[in-house]
6 protein chains.
Amino acid sequence: MPPISRFDVPTLDELPDDIRARMQHVQEKSGFIPNIFLVLARRPDEFRAFFAYHDALMGERGGLSKAEREMIVVATSAANQCQYCVVAHGAILRIRAKDPLVADQVAVNYRKADITPRQKAMLDFAMKVAFEAHAVDEPDIERLKPHGFDEEDAWDIAAIAAFFGMSNRIANVTNTRPNDEFYTMGR
Amino acid sequence: MPPISRFDVPTLDELPDDIRARMQHVQEKSGFIPNIFLVLARRPDEFRAFFAYHDALMGERGGLSKAEREMIVVATSAANQCQYCVVAHGAILRIRAKDPLVADQVAVNYRKADITPRQKAMLDFAMKVAFEAHAVDEPDIERLKPHGFDEEDAWDIAAIAAFFGMSNRIANVTNTRPNDEFYTMGR
Amino acid sequence: MPPISRFDVPTLDELPDDIRARMQHVQEKSGFIPNIFLVLARRPDEFRAFFAYHDALMGERGGLSKAEREMIVVATSAANQCQYCVVAHGAILRIRAKDPLVADQVAVNYRKADITPRQKAMLDFAMKVAFEAHAVDEPDIERLKPHGFDEEDAWDIAAIAAFFGMSNRIANVTNTRPNDEFYTMGR
Amino acid sequence: MPPISRFDVPTLDELPDDIRARMQHVQEKSGFIPNIFLVLARRPDEFRAFFAYHDALMGERGGLSKAEREMIVVATSAANQCQYCVVAHGAILRIRAKDPLVADQVAVNYRKADITPRQKAMLDFAMKVAFEAHAVDEPDIERLKPHGFDEEDAWDIAAIAAFFGMSNRIANVTNTRPNDEFYTMGR
Amino acid sequence: MPPISRFDVPTLDELPDDIRARMQHVQEKSGFIPNIFLVLARRPDEFRAFFAYHDALMGERGGLSKAEREMIVVATSAANQCQYCVVAHGAILRIRAKDPLVADQVAVNYRKADITPRQKAMLDFAMKVAFEAHAVDEPDIERLKPHGFDEEDAWDIAAIAAFFGMSNRIANVTNTRPNDEFYTMGR
Amino acid sequence: MPPISRFDVPTLDELPDDIRARMQHVQEKSGFIPNIFLVLARRPDEFRAFFAYHDALMGERGGLSKAEREMIVVATSAANQCQYCVVAHGAILRIRAKDPLVADQVAVNYRKADITPRQKAMLDFAMKVAFEAHAVDEPDIERLKPHGFDEEDAWDIAAIAAFFGMSNRIANVTNTRPNDEFYTMGR
């Protein structure tokens, strides 16, 4: 089995209590600890900030469903060629959307995926944030509104694309390996 | 169920005998007719030429295994954002390589996939053919040789990348939908 | 004289009869054997599939004239920096269009060429197929229709751009040299 | 005076105590509240996570000086065309580096800036993380080591480039205006 | 102090009289000789042609103010990553526009700068000339006219973007260092 | 016959004497007035500066032959998709190089042209100046030297690429049509 990351990862008993607790919680729920938890745990303060940010963005709140949030992650992570994020969040997307096909479709070419026009508009915006944020302007945000997205939703889409843009870069540089379990979850 | 393609596709009984026979053959072997067969069959001469070319390139012969040939298809098709080819040939790659993970890995970022250095060199060359063929030069071919690829193998890699570059463009323009069966084959 | 290709090419008497016959036919008509015939003939099955595909796409049929088909070849091959295809099909375009200037114009910048708005729309679509097929969508095809192109013509334009995209990559990797005769034909 | 952001920003007394306290602290130190604080404060949880992450990455620790950390921010933010980050962190870089010219130089073209070969290697790596993280590999990290960077420093450089890549996207989408004070600080 | 350029520069007394006179004139007016004068003076004929062209384009005449002309220089030079031109013309822009902030704003992202819609349209056109002149067409020029630009102004904008595109390349290859004085002028 | 340019061009008798004289001189030598002369003559001062710069760069002097100078023009102008410059300077290159094929070869893909390794190194450098001048550094110039180019030749190559980069942009925006005579000169 190839290593979890090009960086050494700590063992559970080396970790601060709060971080070990979070890992044990996810392990109980999913049956395994996602490798990115172990990689980020080398730096406890970064681990805590990363997951605090993650939780602030990815929960149910406002206009975006949890499945839509994962859709943004999968589309932008695929464009950033981040293996960990596409495989792990692809699994979560399949589960949240209760759809075994959507994650692979969105990863390869979201324009051809079985998604709604609303979701396509959401991903068009997310991709512009991911690759041309310097050119995002009012018309981009206005284009979201006929689809039922408000200003807060625009912020959410942008922030998720931006946060996972960070995450994609970290996972790529650390060469974090997706857990084998993710590949078949929700299929 | 969304349609197979943005173009109408013929029914089996509208088809010339040789084309219907090929479809029935694949249906017996796999249990279904891959949608690209139906889409290309609108143009029988193009269908015949396409599959003649396909068969000339994708069989076992010379230095590349069948799995390696499919790996080239998956890596270049993902970079070309071709949903049909990534999903369908991803399935074939899993089966040929007897590896349930490799197709998703190669599709997202072949540089991080569980493949051999030989296969990585093969994909580096295939990607250069797919995106910068105008700059391919002798050193690119020389870099293949320490990995056991000879001149004929270089031709094969290039021709597969080029042929599926055509295929990717046709599948994207015709908006050909991958059969649902492909998503889970070989996992 | 530099070699015809970086790969060795067969002599006429080494070739299967059908391939030699096709070469002799073109030699009688044009006075010489285009080098790409000799290069592809190293692989008889690929030769046959290539020319079967070529013939299925490039004849007079449906809405595109033969000159328009060659225009697509020249514009996309120039963008792919394929010397063989630009020089050889530039010659054919000059002859088919009975216009000594159009090939050079289309090769350098088709937007500034002496072509009709219909032909410009055709080339806009062909270039999108060649470089962004993943983003081709219904509006792209709708934009063709006011110019008299129907659905079959859209398929033709896309298929020609896709097929010569393959051809450009093969000619570039094999470093196939255009015959000197092409440079002055039709001027 | 144009608004601070395209999003409304809260007033100080609307804010949770911990966030207001952090703002008052920076105001006492610098004489003004950087606009990004006010913009992010619309979302208290995101504010807290953002600054927790920021503080984890930007302090003195390990091999990178504070000036070097700011150099990474300025170079990558300029490439991402983020006005807020270039102007604000350009000011901080001038102060940390005690050099009135370096920020403008690094922003326009770090390859021509008055920086050390070590710093140029650091910025080469940071730019690769910012724009091609999918292709970062062992040789990229090895190239840092002759300049005195160790594995932890590589993580730091990558994480700073990644974190500010997120920050650049958020500042661009929110259209956050740099405070006028930043333009002349440290000149 | 790093050298003025990677090429040796002549001393004042080695120069032809007309060139030395121009330098002394600018020195009297500004207090220093801009380094690009010294670098170009290695080639007296090129120096003369360069400044004749510069003077033909940058004076007050027609619809563009001197500040607007400098704005074009700063925006396109920043996109071309030319340190000399951004720093030197940034200073001139601050002075011509009597605005200490505008140059840094335009250099990082002119879409977010405190400029008028007219100036934004001007810079959109200038950037298209700088990066996609092959695709400039009538609609690009028509888009300028509601902002009060006529055909001659379109020529001016294009010619300034083109001329400084040349200048940016020369300054980058010669590695011409901006004089320290420019950094603080007009702030 | 389509117009010479999208801008009106002056008649010969409207022109200042020196400009008319230059045109008559070229007409006597070549049999026609190149259209770019007429287009630039709308702006006499720019005309004079343009040709003064042109003459300073394109004559025989130093290490580059006149044919090599034209080769730089053709390669970079083709990459900039400038129809006027490729057609006009393609003609001059055929004549200067006494080679009817080289211009078309260099225009489509100089890497595959019948040129010397020295000329290929020259064009590699010229293309880097044309498209990535911000990244040109000492190793680029050192790579020229084993081919017999000295520092002055490096300046010449860079300046020619930069000057015609300007010229390409002006010809594209003015939509200057190459004279029909150029297409067949030197074939």
Could you rank the peptides A:75-83, D:9-17 by their average count of other C-beta atoms within 10 Å per residue, with the highest value first? A:75-83, D:9-17
Everything considered on the Cα gyration tensor (a ≥ b ≥ c; rounded for a/c under 1.5, else prolate if a/b is larger than b/c, else oblate), segment A:1-107 must be described as prolate
Pairs of Cα atoms under 8 Å, at least six residues apart: use those to get the relative contact order of segment B:98-171, whole percent. 28
In debye to the nearest 20, the charge dipole size for segment B:43-173, taken about the Cα centre with +1 at each Lys and Arg Cβ and -1 at each Asp and Glu Cβ, equals 520
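Can you tell me the dipole magnitude for the protein assembly as shown around its Cα centre, using point charges on the Cβ only (Lys, Arg +1; Asp, Glu -1), in Debye to the nearest 20?
For this selection, approximately 0 debye.
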Segment C:34-83: Rg/Rh from Cα coordinates, Kirkwood Rh? 1.03
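Starting from the eigenvalues of the Cα gyration tensor, five times each then square-rooted, give me the equivalent ellipsoid semi-axes of segment A:147-187, largest first, whole Å.
Calculated on Cα positions only, the semi-axes equal 28, 17, 5 Å.
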B/A buried area, accessible surface, summed, 1.4 Å probe, Å²: 2100
Given label points at 7 Å from Cα along Cα→Cβ, what nm distances, shortest first, separate D:ASP13 from the same residue in every other copy? 5.6, 7.4, 8.2, 8.2, 10.4
Local electrostatic count, F:GLU142, Cβ distance below 14 Å [Lys/Arg +1, Asp/Glu -1]: -3
Phi-derived 3J(HN,Hα) across segment D:95-112 with the Karplus relation (6.51, -1.76, 1.60, θ = phi - 60°), rounded Hz, x for Gly and Pro, is 6, 5, 8, 6, 9, x, 9, 5, 5, 5, 5, 5, 5, 7, 6, 4, 5, 10
Prolate/oblate/rounded label for chain F (Cα gyration tensor, a/c 1.5): prolate
Within the under-13-Å Cβ sphere about A:GLY59, not counting A:GLY59, Lys/Arg +1 and Asp/Glu -1 give a net charge of -2
Taking the alpha-carbon centre of each part, the distance from segment E:161-182 to segment D:93-115 in Å is 17
Neighbour cut-off at most 16 other Cβ (10 Å), DSSP loop, chymotrypsin sites (Phe, Trp or Tyr not before Pro), segment D:1-98: D:PHE32
Expressed as a whole-number percentage, the relative contact order of chain F with C-alpha contacts under 8 angstrom and at least six residues apart is 31
Carbon and sulfur: what percent of the protein assembly as shown's accessible surface (1.4 Å probe)? 52
Using the Kirkwood radius built from alpha carbon pairs, what does the Stokes-Einstein equation give as D for the protein assembly as shown at 37 °C and 0.692 mPa s, in µm² per second? 104
Expressed in angstrom and rounded, the centroid-to-centroid distance over alpha carbons for segment B:65-85 and segment D:48-67 is 42
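Per DSSP H run of at least 4 residues, take -39500 (n - 2.57); add these up for chain E, divide by its residues and hand me the 222 nm value, nearest 500 deg cm²/dmol.
-20000 deg cm²/dmol
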Would you mind listing the distances between the A:MET1 label point and the same position in each other copy? Use 7 Å along Cα-to-C-beta, nm, one decimal, shortest first. 3.9, 5.8, 6.3, 6.3, 7.8
Residue-averaged beta-carbon neighbours from other chains (10 angstrom radius) around F:77-85: 5
Filtered trypsin sites (Lys or Arg not before Pro), segment D:75-126: DSSP coil and at most 10 other beta carbons within 10 Å: D:LYS98
Provide the per residue accessible area, probe 1.4 Å, for segment F:4-114, rounded to a whole number of square angstrom. 37
Report the calculated FRET efficiency for F:GLN24 and F:ASP150 (r = Cβ-Cβ distance, R0 = 51 Å), to the nearest 0.05. 0.85
Among chain B residues, which Cβ is nearest the axis of the B-onto-C rotation, and at how many Å? B:MET166, 2
Copies compared at E:PHE131 - label distances in nm, ascending, label defined 7 Å from Cα in the Cβ direction: 1.1, 1.3, 1.3, 1.5, 1.8
Global geometry of segment A:107-171, whether rounded, prolate or oblate, following the gyration tensor of its Cα atoms and the 1.5 cut on a/c: oblate
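The values are calculated or read from the model by the stated rules, or taken from the named source; none is laboratory data. Every value quoted in this text rests on a predicted model; they were computed, and no experiment measured them. Quick reminder, even Gly has a Cβ in these numbers, built from the backbone with ideal geometry, and neighbours come from all protein chains shown. Ligands, DNA and RNA are stripped out before the accessible areas are found, and what is left, the full protein with its side chains, is counted by its heavy atoms. Shrake-Rupley method; radii C 1.70, N 1.55, O 1.52, S 1.80 Å.
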